[in-house]
1. In nm, give the distance between the simple-model label positions of residue 180 and residue 129, each being 7 Å from the Cα along the Cα-to-Cβ direction.
2. Using a Gaussian network model of the chain whose springs link C-alpha atoms within less than 10 Å, name the residue from 239, 68, 142 with the highest mean-square fluctuation.
3. What number, in percent, do you get for the relative contact order of segment 291-357 if the mean sequence gap of Cα pairs under 8 Å and at least 6 apart is divided by its residue count?
4. Share of antiparallel DSSP beta bridges in segment 235-413, in percent to the nearest 5?
5. Please compute the modelled spin-label separation between residue 121 and residue 407, points set 7 Å along Cα→Cβ, answer in nm with one decimal.
6. Tell me the angle of helix 94-106 to the major Cα principal axis of the chain, expressed in degrees between 0 and 90 and rounded to the nearest ten.
7. Considering only DSSP beta bridges whose two residues both sit in segment 4-213, what percent are antiparallel, to the nearest 5?
8. Between the helical axis of 25-39 and the dominant principal axis of the chain, each derived from Cα atoms, what acute angle in degrees is found, rounded to the nearest 10?
């Protein structure tokens, strides 16, 4: 079901202002998976090595319980009970559940596995072998189609203030990018409605490994359901409401891929437009990561003309990425404007930080992005010094407040799209 935040209850066809309402994306996804489980009671299972409840997919328990064969205790009653026919498979063993899912798919049925981002690496080699099997089986005409292996990567790097460094590793995407373009797909939906669109597409697909990255914590919502479907179908696109370059040549491109990366890039864009009202900023969001690859190398890739239409052939691009920044350079190195693409992402710096403190440490925060833009936009290099200084001071204020109070400033926690 679509996230309610996309439209006003009083006037259902009038969109709410983007970036002003928060909702937990995987909580909404859980309602969608609940309906899938209800409509497919004998051929669909959900597997959760790191707790289905922790991943906010508890709506599933409205139609099915956990598969439970042994003794249970009162604390197991969060969907547990004695249910040998339960459709939710939960065990703190990623490789066991991955093996179960692969076998289940090969019998002609369907499934969905969610895992904490840092620990999905447990199944690296199993994913590798399944991807290789899919590639080779695709060469055999007598092989029947197999439902795609769908992996939800959640509890992500940028919202681990209570777990810390051990739970910060977005590198599974690098592993997936190594496998054959004929079988791999990576999606980073920025909000709940785009997550629904992506999940719906992935569950109907065959012969792929679909990797979806979406955090379980509440996040700002940007797209109504119809807009989300269009955006995800394109895989990447310009957000007109966040841009100020309509019918003109942009001074720079602010791009994002991932939920927190998108919020910080939007905040940076808002600050730039407030400091420099005449600045022409184009905001681009990427959902389908392989859109960045040339179409000669991946079936989802953009042609050079399509890529340049979004990112321009010669303007500075500030690209904020969910995972390790080097992956974006690897995917775009052959593009015309690659030398002007400046990527920010996770740089293996972290502790038990507040969200903003962690973002600043890895330079994916709004202040760093806005400063990057000032340093790279030709029109701002000389006249942007005072704004640059003000941004640096606010960044220091944020770090100091987080260190002293253990939480982020209210203006950071409660930030909404202001324009």
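1. Result: 1.7 nm between the two label points.
2. Top of the fluctuation ranking is 142.
3. 31 percent
4. The answer is about 15 percent antiparallel.
5. With each label placed 7 Å out from Cα toward Cβ, I get 3.3 nm.
6. Approximately 70 degrees, to the nearest ten.
7. 10 percent
8. Here the helix axis deviates by roughly 30 degrees.
Values in this text are rule-based calculations from the coordinates and carry no lab data. This is a predicted model, so every value here is computed, not measured. No Cβ is skipped: glycine too gets one built from the backbone with ideal geometry, and neighbour counts run over all protein chains shown.
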